[in-house]
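Any read-out appearing in this document is the output of simple, stated calculations on the displayed coordinates, not a laboratory observation. Given the structure is predicted, the values throughout are model-derived calculations rather than measurements. When we count neighbours, we look across all protein chains shown, and the Cβ atoms used for this are built from the backbone with ideal geometry, even at glycine.
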Amino acid sequence: MVMPHADAALRLGILFAAALWAGVQNQLAGGGSFLTLPALMLAGMDARAANITSTVALFPGQVTGGWVGRKSAQGTEGLSLRALVLISLAGGAVGAVLLLLTPSSFFARLVPWLVLFATGAFAWGSFGKKPGADGAAGRLGPLWGGIVQFLIAIYGGYFGGGIGFLMLAALAVSGLAMRAAGATKNVLAGVMNFTAVLIFLFSGQVRWLEAAVACVAAVLGSVVGARMLKRVNERALRVCVVLIGVALTVGLFWQAQR
């Protein structure tokens, strides 16, 4: 018979391993929340608390990534970087408030669809045709660029899976070269989650022990991932992330029907 404290230790061990790999994965390809979300749910949280705790735990790694590449970040035509930051701050706050207003039972039924959307966004961003920044055809103007970024930021504060690829596409279509779009995306991801995390910190929904374990593991994983960056087959890793997303989607839909 497994003692309760031994069972809790096992779940924390699984969470540490999942968050460690999530940190590696975020450095190499993205999609780390596909691992931390189910691991936190396995640790005994409902879907909403797991999503909130995952956001808080992975936030330091996002800030680090944005800080490292901040010098390459820039605004789009008609929208300065400062404007994009303010839009992202506002959208992230709206998304966080909407999440806290969503009943846990409803969010649990919504999660499979959110993971399905995030998996689709990740697959499209990884293997679909990359939007070019050259040429004005189909380019987002300042107004629509701001609206799209605001909507992405709301989604980021609410759930967040796949926001990197959504922003990368939107920024590229708004006229940024892919390298600048990647750096800007990293900065804005940290920014939109800043207001979300700030709100979550005072929500009473964060499970601090699990958040601390996942945060330490994810930071360690980020260091390992940065060292592995030039040695790993990124395409194979992205295929692996998509497969994890598909398996998680199927599992969550199956659980929702029980």
Cβ crowding within 10 Å averaged over residues, with 102-111, 209-218 ranked highest first: 209-218, 102-111
Rounded to the nearest 20 debye, dipole of region 146-258 from Cβ charges on Lys, Arg, Asp, Glu: 360
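For region 164-258, what class follows from the C-alpha gyration tensor (a ≥ b ≥ c being the square roots of its eigenvalues): rounded when a/c is under 1.5, otherwise prolate if a/b is larger than b/c, else oblate? It would help to have the intermediate numbers written out before the result.
Numbers: a/c = 1.40, a/b = 1.19, b/c = 1.18.
Rounded, since a/c falls under 1.5.
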Summed side-chain charge close to G44 - residues other than G44 whose Cβ falls under 14 Å, Lys, Arg +1, Asp, Glu -1: 0
Using alpha-carbon coordinates, inclination of helix 142-158 to the longest axis of the chain, degrees: 10
Relative contact order for the chain, counting Cα pairs under 8 Å that sit 6 or more residues apart, in percent: 37
Principal-axis tilt of helix 4-28 within the chain, Cα atoms, nearest 10 degrees: 20
Degrees, to the nearest 10: 178-201 long Cα axis against longest axis of the chain: 50
Mean projection area, nm², convex hull over Cα of region 12-138: 9.6
Gaussian network model of the chain, Cα within-10 Å springs - most flexible of V173, V191, V68: V68
Simple Cβ-charge dipole of the chain, Lys/Arg +1 and Asp/Glu -1, about Cα centre, in debye nearest 20: 520
Exposure proxy order (Cβ contacts within 10 Å, fewest to most) of W21, W124: W124, W21
Cα gyration tensor category, rounded, prolate or oblate, for region 52-120 with a/c compared to 1.5: prolate
